[in-house]
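Data first, discussion second: the structure below is written as structure tokens.
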Amino acid sequence: MTSFFSSSHVFSSSSLHNPMLLLLLGFTIVFHVHECEAQLTTTFYDTTCPNVSTIVRDQVRQAQSSDLRILASLTRLFFHDCFANGCDGSILLDNSSTIVTEKDAAPNNNSVRGFDVIDNIKVAVENNCSGIVSCSDILAIAAEASVNLAGGPTWSVLLGRRDGTTTNLTAANNLPSPFDNVTILQQKFAAVNLTVTDLIALSGAHTFGRAQCRTFNQRLFNFSNTGNPDPSLNTTYLSALQQSCPQGGNISVLNDLDVSTPDTFDNQYYTNLQSLRGLLQTDQDLLSAASTNASTAPIVNDFAANQTTFFESFLEAMIKMGNIGVLTGSNGEIRSNCRQVNGASDMLMIEVGAKRSSSVENI
């Protein structure tokens, strides 16, 4: 998925594991976000739920033991939440009498996953400190844990988000898409105050996970109605993809986003682009699209040459993305069930009771 925060800060590779530096980084970022977001802090739960990060990480690790894909899926879930309605846990809400779920949006339907893992994390957290930790903060912590458990960087997660009580299906249907060109992607990122560097760094999350044939099969046989495959695809890689996703075949078949190290968080995604083995057109276009690569290709090449540079930019972008449209203070709520707003069960019982009463009167 895709990134955020000025890359003017320079770190050594060892700084990625320096807690004090990461804490200072968190405070620096807070100064650059909106006032309501400035209430987020890395120490938010230090007295009320001091073990929350450990609890979340343990649950993510447990899920990983039976599902290698889950680390990428949880990272993606956070991205899809933040880009629609802000980082408020709205993507977790199921349909109800008052909620139109974002899960049915085209980019999410039969695609985003990990909801059951978030449910399990919420239960574990509630058992330890009931009514304290928001579902939106759980998503943020789970994303950091997922990246790190896959071999990527670690960072101090800014916390203190509260959960939204509404959804935004329109925004969820307009998420950055594998069918967008680079210009459109840049516009969508700029709309949430994310830079071109953020875009390219967050795209690096495609260093792990899978994608269905339907997200890239337009490249394989009749690219842009030319009758030929996308010329920016490595021919050997193209042949393998055509076998996995034949014309008229199952468009839901999963393919590794990173053909080299599919379950490891590293900079191989960018070296794959250099060898024309980017799976999604939006990925390869960051290096190969003639109309836009003057601004994007140098960053891709920098990240391919230096994994530490990529990691530094990625964690900065994740922190910045995690500040999009957050609810703090008295805004929002702390959901007891991540799938529904508080009071939803009571409202359902009232509605059912009213219907039963009405039925008796009609009889």
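Over the stretch 209-289, Cα pairs under 8 Å with separation of 6+ residues give a relative contact order of 35 percent. Note on Ser252 and Glu126: with the Förster distance fixed at 35 Å, the Cβ-Cβ geometry gives a FRET efficiency of about 0.50.
The residues neighbouring Asp230, those whose beta-carbon lies less than 13 Å from its own, together hold a net charge of 0 under the Lys/Arg +1, Asp/Glu -1 convention. Only Lys, Arg, Asp and Glu carry charge here, each on its Cβ (+1 for the first two, -1 for the last two); on that basis the stretch 96-212 has a dipole of about 120 debye about its Cα centre.
Express the relative contact order of the stretch 138-263 as a whole percentage, based on alpha carbon pairs under 8 Å and six or more residues apart in sequence. Relative contact order of the stretch 138-263: 23 percent.
The simple Förster model, with R0 at 35 Å and r as the Cβ-Cβ distance, assigns Leu68 and Thr47 a FRET efficiency of 0.45. Each other residue within a Cβ distance under 15 Å of Gln186 adds +1 if Lys or Arg and -1 if Asp or Glu, for a net charge of -3.
Local charge sum around Leu327 (other residues, Cβ-Cβ under 9 Å, Lys/Arg +1, Asp/Glu -1)?
Summing Lys and Arg as +1 and Asp and Glu as -1 gives -1.
Straight-line reach only, C-alpha to C-alpha below 17 angstrom: list the aspartates and glutamates that Lys103 could link to, leaving out same-chain residues fewer than 8 apart. Excluding near neighbours in sequence, the set is Asp81, Asp88, Asp94, Asp116, Asp119, Asp163. What FRET efficiency comes out for the pair Ser239/Arg214, r = Cβ-Cβ distance, R0 = 25 Å, nearest 0.05? For Ser239 and Arg214, the calculated efficiency is 0.80.
For the stretch 71-200, the residue among Leu149, Leu139, Cys129 whose Cα projects farthest onto the positive side of the dipole built from Cβ charges is Leu149.
Where a number appears in this text, it was derived from the coordinates with a stated rule and is not lab data. Just so it is clear, the model here is predicted, and its values are computed rather than measured. Don't worry about glycine lacking a Cβ; one is built from the backbone with ideal geometry, like all the others, and counts go over all protein chains shown.
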